[in-house]
Amino acid sequence: MYQHFGTVFIFLIIGIILVAVPLLLQRILSPQRKTFDKLSTYECGEDAEGTAWIQFNIRFYIVALIFVIFDVEVVFLFPWAVVYKQLGLFAFVEMMIFLAILALGLAYVWRKGDLEWVKYSVPFGGGRYGKLKLEQEPAPPIADVQGEVPTA
């Protein structure tokens with residue numbers, strides 16, 4: 001029984017070596033002169049502006065998560081299509097149930113409004129804030145090319 005653990009142990013040692021050796025070689029062979037340019041953030045050839053600790057809109061993550069969920073689920077359609085003729089009606093009914101669950105999830109996300117890029121609702125629109133009327137603030141004047149605000 002312990003012979004099987006020997007194989008696992010050998011693979012564990014090989015895995016550690018495959019990670020440690022390139023890191024060690026990089027440490028030994030790389031130049032050690034650190035300059036400001038080498039330590040600065042590189043953003044596609046542009047100088048970095050501001051700090052990295054800014055708040056991103058949560059919609060970026062929601063849209064990405066929805067895409068990943070539906071993209072991964074669609075991957076299950078390909079193996080089903082390959083064996084569809086062999087499995088017959090059972091596979092068809094099973095895939096229709098699967099697609100109905102996906103459609104239900106899409107309808108839920110759509111109804112919730114998470115597919116909208118710009119939401120027009122008040123964040124706390126229920127309860128005592130339900131009758132809250134929001135007035136739109138006037139847009140600030142736009143400066144001309146020289147940076148001066150035109151006066152009317």
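Read-outs: derived from the displayed coordinates by stated rules, not from any lab. Since this is a predicted model, take the numbers as computed values, not measurements. All Cβ positions, even for glycine, are placed from backbone atoms using ideal geometry, and neighbour counts span all protein chains on display.
I'd like the FRET efficiency for PHE90 and GLU116, computed as 1/(1 + (r/R0)^6) with the beta carbon distance as r and R0 of 25 Å, rounded to 0.05.
After rounding to 0.05, the efficiency reads 0.05.
May I have the convex hull volume per residue, in Å³, for the Cα set of the range 34-77?
So the per-residue Cα hull volume is 133 Å³.
With a Förster radius of 35 Å, plug the Cβ-Cβ distance of LEU24 and ASP47 into 1/(1 + (r/R0)^6) and report the FRET value to the nearest 0.05.
About 0.55, to the nearest 0.05.
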